[in-house]
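Novice: One structure coming up, written as structure tokens, with questions to follow.
The values are calculated or read from the model by the stated rules, or taken from the named source; none is laboratory data. These numbers were taken from a predicted model, which means no experiment stands behind them. Glycine also receives a Cβ, built like all others from the backbone with ideal geometry; neighbour counts cover every protein chain displayed. All accessible areas refer to the heavy atoms of the entire protein, side chains included, with ligands and DNA or RNA removed. Shrake-Rupley method; radii C 1.70, N 1.55, O 1.52, S 1.80 Å.
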Amino acid sequence: MRYLQKAIRVVDGLINLVIILCFIPVLLYGIYAIWDSQQVYKQADPSVYHTYRPTVEEDSSLEALQKMNPEVIGWISVDNTNIDYPLLHAQTNSKYVNTNVEGKFSLSGSIFLDCRNTGTFTDVNNVIYGHHMQQDAMFGELSNFEDPAYFDRHPGGRLFYDNKWHEIDFFAFLYTDAYDPIAFNAALTGSEQAKSYYEYIKEKAINFKALPPEQNEHYVSLSTCTTNSTNGRYILVGRIKQM
């Protein structure tokens, strides 16, 4: 009987050891997953590139970033949010989905302008993309504009290009899908198409604020994925103020 009890204790110890050995890889993977997630959000933090952010008095800081990556064309900022990033423009829309400003692989990607746009913001509809991330990273805050009160409290932003800042008046927030032929049409031209675009956005918008018409309309559409639909998209639409 004594030998049997000893054998049982040995077997029980071995079973516990096996359980521990099986648990260690799970624990290590969990620790790695947490670390990896933190690295993704660290790369998406807007403060990473703030040293290059152009100011009103001086814009040479952005030139240093453009020397690192010539596809940096400007800066996009939404007032009183964490949306405050360099703006990229490549020959394809896939490049900066998983590439950071320095041209390195990154799951958080970059904020980038549609490849069909000229990059000079003379187009009627300038479409800008960014990932919908938690912790208010990249374009994660765009979904907040679905709330009418939040929409009203965040009426403006700024866009830096052509060596100066340009004010943006946000006037519409809408939900659509990735294949919307009007909302994502970067090839609109002329006053008639600009007017048709404005009326389409007005009709489709969840939140809308009427703007007085201007002679030459240049819009920016900030787009990100939704969490409840594979092809769903949130879009915040603004108009670049004429100087």
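Rundown of residues vs (1) at pLDDT 95 or above; (2) among the polar types (S, T, N, Q), yes/no style:
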| site | (1), (2) |
| --- | --- |
| I73 | yes, no |
| V78 | yes, no |
| T81 | yes, yes |
| D84 | yes, no |
| A90 | yes, no |
| K95 | yes, no |
| L107 | no, no |
| T118 | yes, yes |
| N125 | yes, yes |
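Novice: Would you be able to say whether some residue in region 117-126 is within 18 Å of the chain's Cα centre (by Cα), among the hydrophobic types (A, V, I, L, M, F, W, C) and under 29 Å from K195 (Cβ atoms)? Even if it seems obvious, please write down each step before you answer.
Specialist: From region 117-126, those within 18 Å of the chain's Cα centre (by Cα) are 117, 119, 125-126; that's our starting set.
Then keep just the ones that are among the hydrophobic types (A, V, I, L, M, F, W, C); that gives none.
No, region 117-126 has no match at all.
Novice: Could you run through region 76-105 and say how many residues are without any contact (Cβ under 8 Å) to a residue 60 or more places away in the chain, within 30 Å of R153 (Cα to Cα) and open to solvent by 30 Å² or more (accessible area, probe 1.4 Å)?
Specialist: 3
Novice: Based on this model, can you work out whether F151 counts as over 28 Å from L107 (Cα atoms), open to solvent by 10 Å² or more (accessible area, probe 1.4 Å) and among the aromatic types (F, W, Y)? Reasoning before the result, please.
Specialist: Working: over 28 Å from L107 (Cα atoms): yes; open to solvent by 10 Å² or more (accessible area, probe 1.4 Å): yes; among the aromatic types (F, W, Y): yes.
So F151 passes the test.
Novice: Go through region 81-123 and report how many residues are outside any loop (DSSP other than H, G, I, E, B) and farther than 22 Å from E167 by Cα. Working first, answer last.
Specialist: Within region 81-123, the subset outside any loop (DSSP other than H, G, I, E, B) is 84-89, 95-97, 99, 105, 112-113.
Narrowing the set further to residues that are farther than 22 Å from E167 by Cα leaves 95-97, 99, 105.
Matching residues across region 81-123 total 5.
Novice: On to the next question. Determine whether region 160-168 contains at least one residue that is of a type in the set (S, T, Y), open to solvent by 10 Å² or more (accessible area, probe 1.4 Å), touching a residue at least 40 places away in the same chain (Cβ under 8 Å) and under 27 Å from S106 (Cα atoms). Full working, then the answer.
Specialist: First, pick out the residues of region 160-168 that are of a type in the set (S, T, Y): 161.
Of the ones still in play, those that are also open to solvent by 10 Å² or more (accessible area, probe 1.4 Å) are 161.
So of that shortlist, the ones also touching a residue at least 40 places away in the same chain (Cβ under 8 Å) come out as 161.
Adding the requirement that they be under 27 Å from S106 (Cα atoms) leaves 161.
Yes, region 160-168 has at least one match.
Novice: Please enumerate the residues belonging to region 178-205 that are in contact with a strand residue (DSSP E or B) (Cβ under 6 Å, 6 or more places away or on another chain) and surrounded by fewer than 15 Cβ atoms within 10 Å (Cβ to Cβ).
Specialist: Selection gives A178 alone.
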